[in-house]
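A short worksheet on the structure shown next.
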Amino acid sequence: MPRSWSLVVLAVLGCAGASPPTSHHPGPRVRDAAATDKDKDKDKDHADADGPPPAIAARTAGMRAMPGLFALYWDARTGKLWLEIARWQRAFLYVDSLPAGVGSNDLGLDRGQLGTTHLVHFERVGPKVLLIEDNVDYRAIGAGADEQRAVRESFATSALWGFKVEAETGDHVLVDATEFFLRDAHDIPETLKRANQGKFTPDPSRGAIALERTRSFPRNTEVEATVTFTGEEPGAWLQQVTPTPSVLTVREHHSFIELPPPGFHPRAYDPRAGYFALSFQDYATPISEPIVQRFAPRHRLEKKDPSAAVSEPVAPIVYYLDRGVPEPVRSALLDGARWWSAAFEAAGFRDAFRVELMPEGADPMDVRYNVIQWVHRATRGWSYGASVIDPRTGEIIQGHVSLGSLRVRQDYLIAEALLAPYGAGAPATEPVKQLALARLRQLAAHEVGHTLGLAHNFAASTVQRASVMDYPPPVVTLQGDHVDPSRAYATGVGAWDKVAINWGYRQYAASTDERAAGDKILNEAFAAGQRFLTDQDARPAGSSSSVTHLWDDGTNAIDELQRIMKLRAFALERFGEANIRAGAPLATLEDALVPLYMLHRYQLEAAIKLIGGVDYTFALRGDGQLATRAVAPAEQRRALAAVLATLAPATLALPEPLATQIPPRPPGYPRGREHFKIHTSPVFDALAPAEAAAAHAVALLLAPERCARLIEQHARTPASPGLADVLDAVIAATWKARRPPGLAGEVQRVVDQVVLAQLITLAHDPAASSQSRAVAGLTLQTLKTWAAAARPADPGERAHLAAAEQQISEAQKDPKLAPPAPLTAPDGPPIGMDDED
């Protein structure tokens with residue numbers, strides 16, 4: 001997964017930690033100086049000699065001591081950080097993270113980003129200490145020592161670092177850990193290389209321990225370092241965010257974490273329950289059972305009174321909000337994150353989930369805190385919910401939410417586009433602000449949900465917005481002659497969220513069959529109409545699920561698309577100066593036009609997925625759920641008609657006055673990736689939006705996977721539309737439709753060319769099935785014959801048809817001679833990555 005999940009975006013990391021503190025960190029104390037500089041030099045000479053190393057107290061005399069899980073010693077004179085080790089062959093967790101990032105969502109190196117978690121231990125071999133990472137993917141749980149040794153010796157471990165013993169007292173040794181902490185643990189040069197942002201290498205001369213963020217506590221030791229990279233030919237993204245692009249300086253954080261105490265009970269993963277899975281192979285399982293075992297990640301939560309139906313917890317789950325969040329955003333995020341309290345109440349816990357403001361002086365990279373960080377970037381981007389997890393059990397030790405600060409501004413822009421608040425009189429911006437803040441409440445709840453162990457539920461929008469783990473669009477309605485945003489976003493966690501928390505966190509009596517109890521919770525929810533499907537079912541362009549989509553709404557995707565198209569048409573007709581602030585350059589009308597013109601893009605995707613679509617669930621044997629069912633033929637044809645209606649010139653052509661109101665962009669307002677790409681630079685291109693919208697729709701409609709399903713479904717059920725039926729309908733609605741006069745006619749020609757380019761792509765796509773390529777090839781040949789036989793009177797139409805005939809002929813001879821790809825739509829989801837929000 002990309003750095004959030006991911007995507008799916010829970011990073012399955014290992015961890016431990018103490019209960020979150022309620023006060024700020026104590027500062028490090030200073031050991032009394034017991035030796036002069038001359039004495040220290042003598043000790044150093046002694047350490048370098050062949051004799052035994054000096055005592056730790058003598059070697060660290062005069063240094064700043066930071067006692068804790070691992071004692072640290074700071075030598076200000078040499079700039080070195082020393083580490084005292086007394087834990088041998090005893091596992092703990094090592095986590096790297098990025099407390100001060102780069103500020104580019106494209107690069108993904110964000111403030112507060114968690115890196116990799118390692119289950120590690122120290123081994124001493126003579127004068128050397130090795131930091132060994134254990135292999136947690138292969139285990140023998142509960143087996144005897146011989147079986148466990150067989151597994152350990154069958155798979156490799158990793159020696160992450162080697163240290164030299166410089167001093168020792170009893171079984172305690174002292175090592176110079178400076179180089180270990182100053183190295184690049186986050187693999188930043190490789191990230192830059194993958195993004196084509198240049199070749200960079202660490203420069204040790206420009207690195208140093210960040211002493212103010214280096215501390216040690218009884219259950220965790222935290223070290224932070226300034227790390228600098230130098231390179232050549234930095235890419236555009238790096239140039240955008242770095243003062244001197246050939247020199248990149250960040251801070252990297254290292255956490256040594258005590259493993260959690262015994263007592264946490266792992267919960268077996270159920271693919272229907274809405275959680276992520278922590279997977280490993282357990283060689284101690286009987287040969288009659290699956291060797292791959294899976295746990296559902298969860299926080300530790302226990303009742304004070306296990307016999308009570310509802311009880312206060314032994315220790316609540318507490319999240320802390322970044323103090324750098326301004327109002328009114330701060331209050332909105334606190335409100336949204338606190339919604340989860342209701343879900344835990346429904347699972348039998350009173351006052352078990354709290355959200356508070358971060359204590360002053362607290363370090364958000366300290367794993368004792370579950371944190372919600374406010375992250376700034378140069379461009380809007382995704383938000384993430386990641387967790388530090390004990391890889392042995394699935395226990396979540398720290399939830400770490402990163403919220404992109406520009407998200408609220410994008411939602412504000414969408415509201416400006418829909419509500420046109422800057423008309424005559426005072427600006428009516430309060431509804432605009434409230435819509436944007438309502439989205440932030442939902443976003444806070446969504447990302448916190450990931451850190452509770454929950455995956456996306458992209459089927460929830462079909463069940464009355466049943467989950468904050470879906471991606472919600474603003475549900476704005478048309479009420480007569482005005483737009484109503486009052487129901488833009490839901491309030492509170494949904495019915496599915498309560499089901500998922502109940503399944504994952506409910507505490508059972510020792511005699512309870514936990515799997516059967518969980519089955520009962522889920523079966524009752526499914527019987528009530530709840531659904532769960534996730535990223536794999538929604539994100540791919542050719543995905544088959546008929547109910548799983550991003551940023552869609554409504555129980556029926558076709559009906560909702562038609563509703564949105566009416567809202568879009570109404571808002572476009574009145575679009576103009578009232579959509580931008582007084583004094584703003586008229587060219588910035590395009591900024592608000594983009595989200596309005598493309599308002600239907602996600603609901604359109606949902607409707608397209610009905611064509612060749614399949615309804616299915618993650619059914620288990622015996623649970624009575626639906627396995628698979630193709631979308632009814634009539635519904636597929638209704639979806640196709642609704643989709644083709646969005647390609648009509650009357651739909652895609654801009655209202656005539658609007659195109660003439662947008663002048664070229666003035667100095668200081670450059671054209672960017674969130675504007676329409678144009679052929680008419682510098683003048684606004686009235687045809688470019690139609691080309692981009694059509695390209696988005698046709699590419700999804702003719703995705704290779706969808707085309708193959710159409711062929712298969714038609715073979716099984718002749719009443720279902722086959723690929724030939726769909727392609728004939730597309731040609732009839734575009735190339736062979738009556739050509740309207742004026743600008744609308746040019747819009748139709750633009751759409752025709754989009755269709756032709758996508759057909760040629762499909763006919764030669766190695767990812768497409770052979771029959772899909774054959775049907776597309778025949779459609780092209782038929783279109784070519786028709787174009788050659790046509791004799792239109794209009795010169796523009798003759799040129800249009802002649803060009804089509806030539807393009808098809810060239811592509812038939814050589815696929816490399818296919819027409820240029822159509823213009824793509826401006827960025828819609830958060831820019832730069834495809835993974836989490």
Practice item. May I ask you to derive the relative contact order of the stretch 109-244, considering only C-alpha pairs under 8 Å and at least 6 residues apart, and to give it as an integer percent? Key: 16
Review point. What do you reckon, how do Ser307, Ser331, Ser770, Ser544 stack up by accessible area (1.4 Å probe), largest on top?
Key: Ser307, Ser770, Ser331, Ser544
Review point. Which net charge results when you count Lys and Arg as +1 and Asp and Glu as -1 among the other residues whose beta-carbon is under 12 Å from that of Val318?
Key: +1
Check your understanding: Which length gain, in nm to one decimal place, applies between Asp481 and Ala57 when the Cα-Cα distance is subtracted from 0.36 nm times their residue separation?
Key -> 144.6 nm
Check your understanding: So how exposed is Ser158, as accessible area in Å² (1.4 Å probe, rounded to 10)?
Key -> 50
Check your understanding: Got a number for the accessible area of Ser461? Probe 1.4 Å, square angstrom, nearest 10.
Key -> 10
Practice item. Of the listed pairs Lys677/Lys736; Lys609/Lys677; Lys566/Lys677; Lys784/Lys816; Lys784/Lys813, which have alpha-carbon separations greater than 20 Å here? Key: Lys677/Lys736; Lys609/Lys677; Lys566/Lys677
Check your understanding: Using the heavy atoms of the protein chains alone and a 1.4 angstrom probe, what is the accessible area of the chain per residue in square angstrom?
Key -> 41
Revision key, fill the gap. Once Lys609, Lys784, Lys433, Lys193 are ranked on solvent-accessible area with the largest value leading and a 1.4 Å probe, the list reads Lys193, Lys433, Lys784, Lys609
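How do the peptides 124-130, 698-704, 275-281 rank, highest first, by the average count of neighbouring beta carbon atoms within 10 Å per residue?
Final packing ranking: 698-704, 275-281, 124-130.
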Exercise for review: Give a residue-ordered list of calculated ³J(HN,Hα) values for the stretch 341-357 (Karplus: 6.51 cos²θ - 1.76 cosθ + 1.60, θ = phi - 60°; whole Hz; x for Gly, Pro).
Suggested key: 4, 5, 5, 5, 4, 5, 8, x, 10, 9, 6, 9, 10, 10, 10, 10, 6
Practice item. Describe numerically, in nm with one decimal, the distance between label points set 7 Å from Cα along Cα→Cβ at Asp794 and at Ala569. Key: 2.1
Review point. What's the angle, to the nearest 10 degrees (0 to 90), between helix 37-48's Cα axis and the longest principal axis of the chain?
Key: 80
Exercise for review: Grab the other residues whose beta carbon is less than 14 angstrom from that of Leu301, score K and R as +1, D and E as -1, and report the net.
Suggested key: +2
Review point. So how much accessible area does Lys677 have, in Å² to the nearest 10, using a 1.4 Å probe?
Key: 80
Review point. Sorted by mean Cβ packing within 10 Å, highest first, what order do the peptides 344-356, 507-519 take?
Key: 344-356, 507-519
Check your understanding: Can you pull the percent of the stretch 450-553's accessible area that's carbon plus sulfur, 1.4 Å probe, other chains left in place?
Key -> 50
Revision key, fill the gap. Taking protein heavy atoms only, a 1.4 Å probe, and rounding to whole percent, the accessible area of the stretch 652-769 owed to carbon and sulfur comes out at 60
Study note, to complete from the structure: The aspartates and glutamates whose Cα lies under 13 Å from the Cα of Lys303, excluding any fewer than 8 residues away in the same chain, are Glu312, Glu345, Asp351
Revision key, fill the gap. Calculating mean projected area of the Cα convex hull in nm² from this structure picks out, from [x] 41.4; [y] 48.2; [z] 43.7, entry [x]
Study note, to complete from the structure: The alpha-carbon center of the stretch 376-416 and that of the stretch 289-324 are separated, in whole Å, by 21
Revision key, fill the gap. By accessible area (1.4 Å), largest first, Asp794, Asp134, Asp685 order as Asp794, Asp134, Asp685
Review point. Can you give the translational diffusion coefficient of the stretch 604-746 in µm²/s, computed by Stokes-Einstein from the Kirkwood radius over Cα pairs at 10 °C and 1.306 mPa s?
Key: 89
Review point. Ignoring ligands, DNA and RNA, what percent of the accessible area of the stretch 56-201 is carbon or sulfur (1.4 Å)?
Key: 48
**Study point:** Selected from Gly453, Gly624, Ala719, residue furthest toward positive end of dipole (the chain; charges at beta carbon)
**Key:** Ala719
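The values are calculated or read from the model by the stated rules, or taken from the named source; none is laboratory data. Here the structure is a predicted model, which means the values were calculated and not measured. Heads up, the Cβs are rebuilt from the backbone with ideal geometry, glycines too, and the neighbour counts pull from every protein chain shown. Heads up: the accessible areas ignore ligands, DNA and RNA and are worked out on the full protein's heavy atoms, side chains in. Shrake-Rupley method; radii C 1.70, N 1.55, O 1.52, S 1.80 Å.
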